[in-house]
Amino acid sequence: MRRWSFQVKTSARSDAVDVTGLVADKVQESGLSDGICCVYVPHTTAGVTINEGADPAVMEDVLRTLDRLIPWKADYRHTEGNAAAHIKTTLTGSSVTVFVEKGRLLLGTWQRIFLCDYDGPRTRTVHVLVQGATSSS
Ligand code: ZN
């Protein structure tokens, strides 16, 4: 088992940053042949999800729809002012797991891994953990 962490800068209050390449680099660096890769975001107002990356409009639509469904200002109890970001994070989730086969993430043709920030812009942390058989084992 190996683990890495890296930082991602977001550029808007709601932003989705494609981290697939960074994750794939860590899988390659690990020498993992077959196993799993877990991507985990240790934040309460940012999450991680897998969705289409070929057309950037897809994640724009996701963010815009979340903004419409969960408005920034509403009758929230959380007094810090970012309740919407916490709710979106719960809907998004804090981790994704992707199978690794022959050293590559087993993503579908259109799938990419996105860090989703809902209270940016900020610098966010992404943890990557890989477990399984290395090509040398
Ligand atoms: Zn808060």
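Just so it is clear, none of the values below were taken in a lab; they were calculated from the coordinates. What you are looking at is a predicted structure, and each value in this text was computed from that prediction instead of being measured. So basically every Cβ, Gly included, is an ideal-geometry build from the backbone, and we count neighbours across all protein chains shown.
Between Ala57 and Asp75, the modelled label-to-label distance comes to 3.7 nm, taking each label 7 Å out from Cα in the direction of the beta carbon.
Between Thr97, Leu69, His43, the Cα set farthest toward the positive side of the dipole of the chain (charges on each charged residue's Cβ, about the Cα centre) is that of His43.
Among 66-78, 36-48, 7-19, the peptide with the highest mean count of other Cβ atoms within 10 Å heads the list, and the full ranking is 36-48, 7-19, 66-78. The simple Förster model, with R0 at 22 Å and r as the Cβ-Cβ distance, assigns Thr123 and Asp34 a FRET efficiency of 0.10. Taking Cα centre as origin and charging only the Cβ of basic (Lys, Arg, +1) and acidic (Asp, Glu, -1) residues, the dipole magnitude of the stretch 2-132 rounds to 300 debye. With R₀ fixed at 22 Å, the C-beta to C-beta distance from His86 to Thr109 puts the FRET efficiency at about 0.10.
A straight Cα-to-Cα reach below 28 Å connects Lys73 with the lysines Lys9, Lys88, residues fewer than 8 places away in its own chain not being considered.
Between helix 83-92 and the chain there is an angle of about 30 degrees, using the helix long axis and the longest principal axis of the Cα atoms.
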